[in-house]
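Readers should treat all values here as calculations from the given coordinates under stated rules, not as data from a laboratory. Bear in mind the structure is a predicted one, so any value in this text is a computation, not a measurement. For neighbour counting, all protein chains shown are included, and Cβ atoms are generated from backbone atoms with ideal geometry for every residue, glycine included.
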Amino acid sequence: MHAPRTATIDRATGETEIRLSLNLDGSGQAAVNTGIGFLDHMLTLWAKHGLFDLSVTARGDLHVDEHHTAEDTCICLGRALDAALGERRGIVRTAHSFVPMDEALALVAVDLGGRPYCVVEAEFVTPRVGQLGTDLIAHLLESIATHGRLNLHARVLYGHNDHHKVEALFKALGRALDAATRHDPRLAGAVPSTKGVL
């Protein structure tokens, strides 16, 4: 029996106030309220497809724009991933997922080896989807990767509708992280690295 892999992150700045709780071994339950409807939608489906339990309450300076609130929420999500993974013993570590969303197809590959890096290849034709600027998508994924200490490579292979493209990316991220965070019984709790440490 493995110890619970949960984390709660509180972040308060002059721009935002956020409380985020994550359970890696959940069932896909989510309660997300950031004040940014499209971001709530993306984080909710990320949890559903990753089978993570996620709770997010965020208040930010939305009278300025959505940038600080969205960015800080994803910083907290990355930190929660890192904290919940602990020493990362016994996990599969690397995984990928292709997810279609109607005419769009996205690929996300992750490595939970402790080295933050992010590559995003995605083109959008509209300046925003709902209340979220499409120019923020790559930055949000980078924030998750940096603070979660993981390699994250994300690519939209093709598509026309920006909502579909972003949704495919977040679903693929959830599914890739679900696979990578799973325990492999053959590892018997060992660190999944020839270095012996992550």
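Send over the per residue convex hull volume for the chain, Cα only, as a whole number of Å³.
105 Å³
Restricting to DSSP H runs of at least four residues, report the calculated mean residue ellipticity at 222 nm for the chain, -39500 (n - 2.57) per run over all residues, nearest 500 deg cm²/dmol.
Result for the chain, helices only: -11000 deg cm²/dmol.
Under 9 Å from the Cβ of residue 106, count the other residues' Cβ atoms, weight Lys and Arg +1, Asp and Glu -1, and hand me the total.
+2
Take the alpha-carbon centre of region 89-118, take the same for region 44-67, and report the distance between them in whole Å.
Rounded to whole Å, the Cα centres lie 20 Å apart.
Net charge within 11 Å of residue 97 by Cβ-Cβ distance, Lys/Arg positive one each and Asp/Glu negative one each, not counting residue 97 itself? Can you show the working numbers first?
Details: positive: 171, 175; negative: 178.
With Lys, Arg at +1 and Asp, Glu at -1, the neighbours total +1.
Give me the aspartates and glutamates in straight-line cross-link reach of residue 48: C-alpha distance below 13 Å, same-chain residues under 8 apart excluded.
The reachable aspartates and glutamates, counting only those whose Cα sits under 13 Å from residue 48, are 25, 40, 167, 178.
Given points 7 Å out from each Cα along the Cα-Cβ axis, report the residue 190 to residue 117 separation in nanometres with one decimal.
2.4 nm
For the pair residue 92 and residue 13, what calculated FRET efficiency results from E = 1/(1 + (r/R0)^6), where r is the Cβ-Cβ distance and R0 = 35 Å, to the nearest 0.05?
So the FRET efficiency works out to roughly 0.50.
On a 0 to 90° scale, report how tilted helix 37-50 is relative to the longest principal axis of the chain, with both axes built from alpha carbons and the result rounded to the nearest 10.
20 degrees
Net charge within 11 Å of residue 6 by Cβ-Cβ distance, Lys/Arg positive one each and Asp/Glu negative one each, not counting residue 6 itself?
-1
Classify region 45-111 as rounded, prolate or oblate, taking a ≥ b ≥ c as the square roots of the eigenvalues of its Cα gyration tensor: rounded when a/c is under 1.5, otherwise prolate if a/b is larger than b/c and oblate if not.
oblate
Cα-based Rg (one decimal) and Dmax (whole number) for region 1-107, in Å?
My reading of the Cα-based Rg and Dmax gives 14.8, 47 Å.
For 110, 92, 120, what ranking results if the residue with the fewest other Cβ atoms within 10 Å of its Cβ goes first?
The most exposed by this proxy come first: 92, 120, 110.
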